[in-house]
Amino acid sequence: MFRSILKAAGAPVALLAIVSTSAAAQSDLLISPFIAFNSTGTSTRFAGLALTLGGSGLAIRGSGHLALNGTTPSVVGNGTDRPWAADADAVLTFGGHSFGGSRSFAPFAFAGIGTSGASTQNYESRRSNWSYGAGANVPLAGAVDLFGEARWRMSEFVLPTAPDSPSPTTEFRVGVSFHVGGAR
């Protein structure tokens with residue numbers, strides 16, 4: 001299963017690597033572990049990690065998450081679902097600039113492409129998608145921020161207003177970001 005997640009996430013990760021090498025010299029790297037949950041009413045929680053490369057303004061982010069438990073009833077027979085997702089996003093930050101060496105509150109918006117799926121003992125499903133959302137970083141101390149965001153995930157490559165388009169699913173993430181390196 002882990003091998004299929006890596007294979008499915010290969011294109012977004014490769015895109016992230018290509019874009020990130022050109023901006024690495026003047027950029028900030030954020031390592032952000034997070035907890036995510038959907039608004040569908042299920043009790044499934046996800047643990048994930050996001051890597052963001054960029055300073056204030058435009059940044060590139062790659063992220064992925066996996067269900068913390070495998071006890072969700074399967075929709076395709078015996079076994080259990082193990083939902084997961086991987087995303088590559090362009091992030092636009094509004095604020096958060098350094099004023100006298102300290103960072104400030106930084107709202108942000110993002111859009112990107114991704115893949116998501118679930119695995120059981122007998123079956124594996126994957127689906128490409130796109131998503132968009134907004135959030136905010138709040139500086140805690142030194143190089144540590146608290147962040148929260150809401151993501152609307154479209155299960156198909158269609159506009160939300162298109163006829164017969166599926167309803168987007170809402171995902172919420174909360175975590176901490178650690179700033180590593182970069183010019184300040």
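Here, each number is a calculation from the coordinates, and none is a lab measurement. Just so you know, these numbers come straight off a predicted model, no measurement behind them. All Cβ positions, even for glycine, are placed from backbone atoms using ideal geometry, and neighbour counts span all protein chains on display.
Using packing as a proxy for protection, rank 135-142, 106-113 so that the peptide with the highest average count of other Cβ atoms within 10 Å comes first. If you can, show how the numbers build up before the last one.
Numbers: 135-142: 15.1, 106-113: 17.9.
The packing order, highest mean first, is 106-113, 135-142.
How high is the FRET efficiency between Ile31 and Val138 when r is their beta carbon distance and R₀ equals 22 Å, given to the nearest 0.05?
Values: r = 17 Å, r/R0 = 0.77.
Plugging the Cβ-Cβ distance into 1/(1 + (r/R0)^6) gives 0.85.
Please give, to one decimal in nm, the separation of the simple spin-label points placed at Thr169 and Ser39, each 7 Å out from Cα toward the Cβ.
Distance between the two pseudo-spin positions: 1.4 nm.
Starting from the Cα of Leu68, step 7 Å toward the Cβ, then list every residue of segment 102-136 with an amide N under 20 Å from that point.
117-119, by backbone N distance to the label point.
What does the charge count near Gly48 come to, summing +1 for each Lys or Arg and -1 for each Asp or Glu among other residues with Cβ under 15 Å from its Cβ? Each step should come with its number before you reach the end.
Working: positive: Arg45, Arg61, Arg82, Arg151, Arg153, Arg173; negative: Asp87, Asp89, Glu149, Glu171.
Result for the neighbourhood of Gly48: +2.
Using 19 Å as the cut-off for backbone N distance, which residues of segment 125-139 belong to the label zone defined by a point 7 Å from the Cα of Ala90 along Cα→Cβ?
129-135
How much net charge surrounds Gly62 when only other residues with a Cβ under 11 Å from its Cβ are counted (Lys, Arg +1; Asp, Glu -1)?
On the way: positive: Arg61; negative: Asp87, Asp89.
Taking every other residue near Gly62 into account, the sum is -1.
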